[in-house]
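The values are calculated or read from the model by the stated rules, or taken from the named source; none is laboratory data. Remember, it's a predicted structure, so these values are computed and weren't measured experimentally. Cβ coordinates were reconstructed from backbone atoms using ideal geometry, including for glycine residues, and neighbour counts include every protein chain displayed.
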Amino acid sequence: MDYGCPVVLSLSCMESPRSPEETVLITGGGGYFGFRLGCALNQKGVHVILFDITQPAQNLPEGIRFVCGDIRRLSDVETAFQDADKVACVFHVASYGMSGREQLNKTRIEEVNVGGTENILRACLERGVPSLVYTSTFNVIFGGQVIRDGDESLPYLPLHLHPDHYSRTKSIAEKKVLEANGLAFKQGDGVLRTCAIRPAGIYGAGEQRHLPRIVSYIERGLFRFVYGDPQSLVEFVHVDNLVKAHILASEALKADKGHVASGQPYFISDGRPINNFEFFRPLVEGLGYTFPSTRLPLTLIYYLAFLVEMTHFVVGRLYNFQPFLTRTEVYKTGVTHYFSLEKAKKELGFEPQPFDLQEAVEWFKAHGHGRGAGGQDSEFMLWDGILVLLLVLSVFTWIPPSTILSI
């Protein structure tokens with residue numbers, strides 16, 4: 001079903017509309033957030049170019065153009081800039097390896113997150129693009145350690161301590177983006193100004209990465225337990241709040257704002273730390289399912305995630321199953337880490353609007369989900385789960401004890 005371009009709340013309260021001639025380029029524009037950002041800018045009178053390897057599922061509104069291409073190829077990136085007299089800002093959203101089995105494809109993660117970012121920076125400097133807003137992640141700082149009300153003064157997590165390649169490469173890419181701030185254009189006067197947005201986990205109606213995976217686990221009967229300390233706190237960000245933060249950041253890179261955001265990172269969330277599983281309770285119960293009462297130790301789940309990753313490494317080419325959880329996902333969902341919004345509020349004027357999961361619940365119901373609405377093939381998932389369990393057990397039989405003890 002085509003819902004067209006969504007209306008982003010409270011955008012009219014931020015800045016006056018940009019010049020109708022202004023053009024922006026959004027990498028990853030075929031994805032959920034990139035398309036949402038493009039629609040919001042389009043509603044403000046901006047000409048938008050969406051650049052991605054996959055076209056958006058929705059119809060493109062007038063004023064938005066899609067260019068199909070691979071960010072890993074510089075020639076494709078250069079093509080995305082063609083037919084645009086002047087790109088005023090690039091929103092570099094595209095990335096790979098955030099969750100699930102994607103996290104285990106190290107080669108592609110490196111090529112997209114690092115190589116793709118290098119291609120974007122090169123194109124910006126050659127084309128004289130004055131502003132670049134990079135969509136980063138909490139993970140450049142977080143690697144499993146407890147963080148309460150952290151801020152942007154915290155150092156990057158050392159690369160060797162990152163539990164996954166996605167976080168490691170996003171850290172490398174963010175550094176490259178911020179170090180490029182102030183570099184002179186290859187031709188003509190002017191410099192490139194950059195900043196980085198570090199969002200929490202994104203949610204919203206129609207989100208296609210995290211929520212569908214969670215709903216599939218619920219429908220397949222896999223959501224039978226929670227884990228970790230019930231007092232642990234994490235953060236989320238509604239897609240519209242994240243859209244607002246990106247637009248404010250692009251404005252704060254301009255001269256009339258004193259280039260206040262130049263070279264700066266910003267943590268962005270809804271500003272409401274909450275236990276990960278309690279956050280999803282309205283989704284579980286709203287779809288008619290029982291919220292689990294069994295709680296397992298975090299270390300046990302981390303260990304099982306390690307075994308599943310090892311199994312995927314061994315048999316992934318023959319049976320590319322979706323890991324129930326990866327080690328990084330265990331950390332991100334079970335270990336306290338949340339960050340202050342003070343810098344974003346002070347320098348960008350960011351004020352998050354209140355949202356909840358109710359709109360997502362209604363979206364899933366409208367798309368045939370919920371108890372009694374059909375859902376997934378439970379029998380298929382049962383055999384799928386049994387196969388994965390057998391693979392895990394087989395891996396367990398030959399893992400050296402020293403390897404197990406070192407995790």
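Values computed for the structure shown
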item: Count - residues of the stretch 277-326 that are at pLDDT below 85 and of a type in the set (A, V, I, L, M, F, W, C); result: 9
item: Near pairs, Cβ below 6 angstrom, 6+ apart or cross-chain, from the stretch 317-328 (aliphatic (A, V, I, L, M)) to any residue that is at pLDDT 70 or above; result: Leu325/Ala305
item: Selected residue (criterion: nearest to Leu222 (Cα to Cα)) from residues of the stretch 284-316 that are hydroxyl-bearing (Ser, Thr, Tyr) and either in a helix (DSSP H, G or I) or touching a Phe, Trp or Tyr at 6+ places or on another chain (Cβ under 6 Å) (or both); result: Thr294
item: Residues of the stretch 162-189 satisfying the condition of being modelled with pLDDT under 95 and surrounded by fewer than 16 Cβ atoms within 10 Å (Cβ to Cβ); result: Lys186, Gln187, Gly188, Asp189
item: Residue list for the stretch 68-95, filter: surrounded by fewer than 21 Cβ atoms within 10 Å (Cβ to Cβ) and part of a loop (DSSP other than H, G, I, E, B); result: Gly69, Asp70, Arg72, Arg73, Gln82, Asp83, Ala84, Asp85, Lys86
item: Selection count where residues are closer than 19 Å to Pro265 by Cα and touching a Phe, Trp or Tyr at 6+ places or on another chain (Cβ under 8 Å), scope the stretch 138-163; result: 13
item: Per-region count, the stretch 317-353, residues buried (at least 17 other Cβ atoms within 10 Å of the Cβ) and in a helix (DSSP H, G or I); result: 12
item: The stretch 51-63 residues that are under 14 Å from Arg36 (Cα atoms), paired with ones that are buried (at least 16 other Cβ atoms within 10 Å of the Cβ) and aromatic (Phe, Trp, Tyr) (beta carbon under 6 Å, 6 or more apart); result: Gln55/Phe66; Pro56/Phe35; Leu60/Phe66
item: Filter result (exposed (fewer than 12 other Cβ atoms within 10 Å of the Cβ) and at pLDDT 50 or above) within the stretch 3-39; result: Ser19, Pro20, Glu21
item: Hits in the stretch 40-67 (condition: surrounded by fewer than 21 Cβ atoms within 10 Å (Cβ to Cβ) and assigned to a helix (DSSP H, G or I)); result: Asn42, Gln43
item: Strands (runs of 3 or more DSSP E) wholly inside the stretch 135-215 that include at least 2 residues being over 17 Å from the mean Cα position of the chain (by Cα) and closer than 23 Å to Asp356 by Cα; result: 147-150
item: Which listed residue, of Leu125, Leu121, is within 19 Å of Val177 (Cα to Cα), assigned to a helix (DSSP H, G or I) and under 23 Å from the mean Cα position of the chain (by Cα); result: Leu121
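Results for (1) surrounded by fewer than 21 Cβ atoms within 10 Å (Cβ to Cβ); (2) modelled with pLDDT of 95 or more; (3) touching a helix residue (DSSP H, G or I) at 6+ places or on another chain (Cβ under 7 Å), shown as yes or no for each residue.
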site	(1), (2), (3)
Arg101	yes, no, yes
Thr107	yes, no, no
Val112	no, yes, no
Gly116	no, yes, no
Val129	no, yes, no
